[in-house]
Amino acid sequence: ESFFSMKRTNLAYQAMALLSQVERKGEGSLHLSLAELNLDSSNFERAQGFLKQADGSIKPGNSLMGEKEEMWGLLTETLGNNDEAMEHFKRAAQAEPTRLVPLRKLAMMNAKNQSWHEAAEWMEKYVGEKPPSLGHYWAMLGDYRLAAQELDKGLEALETALHVDPYVFWAH
């Protein structure tokens, strides 16, 4: 990830080549790493190929299942298939309930579809994990609750947002 943040894709590929030679943390971990590398490099076809290989080796119960499903969700969302992406994010959240990205994505995608109750339910799970910018996400939860006509819960979430961070503009 550091090589990507420094825009040093060539070094990331070299690191992956070295990592492919060491003992893996689990079946399919190399395929997942290569898929992530290609997804971050916008090489979606290769990312999809590596994710398909990971599908063959990562079975339910594997500790990497949540990561794999999250990555499928990110790829399919990027390719414009939001319904399929949501299914992958749901499977990721089911496999690993504390994974932040699937919880946030499900909340925001449901909000985009104006499924306010579902958006609020996912956002509530997300804020329960205490992510960075917590006040902002409490305010989003309040907004979703208000849109779902859950006024008391919405007001409570907005008040919590201000308690967590009194400078959250959205909550004001």
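For the range 109-124, what are the residues that are assigned to a helix (DSSP H, G or I) and open to solvent by 40 Å² or more (accessible area, probe 1.4 Å)? Even if it seems obvious, please write down each step before you answer.
Our first condition is that a residue be assigned to a helix (DSSP H, G or I); within the range 109-124, this holds for 109-112, 116-124.
Once the filter is applied, which keeps residues that are assigned to a helix (DSSP H, G or I) and open to solvent by 40 Å² or more (accessible area, probe 1.4 Å), the range 109-124 yields Lys112, Trp116, His117, Glu118, Glu121, Trp122, Glu124.
Residue under question is Val127, and the condition is that it be over 29 Å from Glu67 (Cα atoms), of a type in the set (Val, Ile, Thr) and either touching a residue at least 40 places away in the same chain (Cβ under 8 Å) or surrounded by 16 or more Cβ atoms within 10 Å (Cβ to Cβ) (or both); does it hold?
Values: over 29 Å from Glu67 (Cα atoms): no; of a type in the set (Val, Ile, Thr): yes; either touching a residue at least 40 places away in the same chain (Cβ under 8 Å) or surrounded by 16 or more Cβ atoms within 10 Å (Cβ to Cβ) (or both): yes.
It is false that Val127 is over 29 Å from Glu67 (Cα atoms), of a type in the set (Val, Ile, Thr) and either touching a residue at least 40 places away in the same chain (Cβ under 8 Å) or surrounded by 16 or more Cβ atoms within 10 Å (Cβ to Cβ) (or both).
What number goes with the only condition from (1) touching a helix residue (DSSP H, G or I) at 6+ places or on another chain (Cβ under 6 Å); (2) modelled with pLDDT of 95 or more; (3) aromatic (Phe, Trp, Tyr) that Tyr167 does not pass?
Answer for Tyr167: the failing condition is (1).
Do we have any residue at all in the range 141-150 that's in contact with a Leu (Cβ under 6 Å, 6 or more places away or on another chain), crowded, with 22+ Cβ neighbours inside 10 Å and either more than 18 Å from Lys105 (Cα to Cα) or touching a residue at least 60 places away in the same chain (Cβ under 8 Å) (or both)? Working first, answer last.
Residues of the range 141-150 in contact with a Leu (Cβ under 6 Å, 6 or more places away or on another chain): 142.
With crowded, with 22+ Cβ neighbours inside 10 Å added as a condition, the list becomes 142.
Now restrict to residues that are either more than 18 Å from Lys105 (Cα to Cα) or touching a residue at least 60 places away in the same chain (Cβ under 8 Å) (or both): none.
The answer is no; no qualifying residue exists.
The values are calculated or read from the model by the stated rules, or taken from the named source; none is laboratory data. Just so it is clear, the structure is predicted and the values come from calculations on it, not from any experiment. Counting neighbours? That spans all protein chains shown, and the Cβs are built from the backbone with ideal geometry, glycine included. Accessible surface areas use protein heavy atoms only, side chains included; no ligands, DNA or RNA. Shrake-Rupley method; radii C 1.70, N 1.55, O 1.52, S 1.80 Å.
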